């Protein structure tokens, strides 16, 4: 399972999962457009801003699509796609490869984060200079035992720090100056600063494990039989993310009504932190959301080395791009 924020928002998740306050694309139900669903793996936050921007600005409708965006919370959303419960969903690249080895024919079509926002935050007073210091100094690390942590434990087999399970919120981090904690750099560090703490963050990507994150997936059957819809979805998401990266304010206001537990200033700060993780030198040469076979192949090999996958399947089977889709 992808390591997500654990923030104790069960009530909010239940409300969102029930559909209360979740605005649909106004074109849903219009027979002139194709209705599809996009299930998120968390609640409305800036990491999904481009999808909501595509809906609000009409990018989906411009492509002849009516997209029902469904917040869901934690879980293996790839199973919903594989089972046909939803047309599209967000997940992480390592989950795509795990799903495919388990026989799920899911394919990535768009990757929001080119650099994973998964990280570790420490207290700046500890004087750490890089992520290696977390694993070469005594202390405590709160983290879920998922793929990125397995990668780091393999890289630092003799780490003297103590590992404990991740706890909800940031209270333990605030209370213990020797505690390191898993985070999304767009979330918990902002909360800690608001609480007058001194968080310093290190990206897991800097240690060499960098799966695409907030990856949109579809069923392989849909990619093969209905490439036109996949093409339209990619183009609409690209337009939505372009609009959101350039100016997130209006979309943040919309998401703020769906997720009232995040205030406006945090929405704005989070959108600013994530911008360089979404728009990189690579996407400036290609386009937002693009992926490469080389990175998928590297990820597959890493998962094999971690004994999470038995074999590294061909990277080309795990994702598609516009230039690999049939013209019709």
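Throughout, read-outs are computed from the coordinates displayed, never taken from laboratory work. All of these numbers come straight from a predicted model, not from anything done at the bench. Positions of Cβ are backbone-derived with ideal geometry, glycine not excepted, and every protein chain shown enters the neighbour counts.
Could you please tell me the mean projected area of the C-alpha convex hull for segment 57-141, averaged over all directions and given in square nanometres to one decimal? It would help to have the intermediate numbers written out before the result.
Working: hull surface 36.9 nm².
It is 9.2 nm².
Relative to the first principal axis of the alpha-carbon coordinates of the chain, what is the inclination of helix 227-246, with its axis defined by its Cα atoms, in degrees from 0 to 90 and to the nearest 10? Helix 227-246 sits at roughly 50 degrees to that axis. Cα centroids of segment 136-211 and segment 64-113: 27 Å apart.
Of the DSSP beta bridges with both residues in the chain, give the percent that are antiparallel, rounding to the nearest 5. Numbers along the way, then the final one.
Working: 20 of 35 bridges.
Restricted to the chain, the bridges split so that about 55 percent are antiparallel.
Listed by Cβ neighbour count within 10 Å, with the fewest neighbours leading, 137, 123 appear as 137, 123.
Is it possible to state the helix-based mean residue ellipticity at 222 nm for the chain, with each DSSP H run of 4+ residues giving -39500 (n - 2.57), the sum divided by total residues, to the nearest 500 deg cm²/dmol? What is it? After summing the helix terms and dividing by residue count, I get -11000 deg cm²/dmol. Mean separation of Cα pairs under 8 Å and 6 or more residues apart, divided by the residue count, gives the chain a relative contact order of 26 percent. Cβ crowding within 10 Å ranks 170, 69 as 69, 170, fewest other Cβ atoms first.
Principal-axis analysis of the Cα atoms of the chain puts helix 264-278 at an angle of about 80° to the longest axis.
Pop out the Kirkwood hydrodynamic radius of segment 118-207 from its pairwise C-alpha distances, inverse of mean 1/r, in Å to one decimal. Intermediate results must be reported in sequence, preceding the final value.
Values: mean 1/r = 0.0778 Å⁻¹.
The answer is 12.9 Å.
Any idea what the alpha-carbon Rg over 2.2 N^0.38 Å comes to for the chain? My calculation over the Cα atoms of the chain gives 0.98. This ranking places 94, 263, 133 by how few other beta-carbon atoms lie within 10 Å of each, fewest first, which gives 263, 133, 94. Note that segment 180-310 carries a Kirkwood radius of 17.5 Å, evaluated over its alpha carbons pair by pair.
Take every Cα pair under 8 Å whose residues are at least 6 apart in sequence, average their separation, divide by the length of segment 118-207, and the relative contact order is 48 percent.
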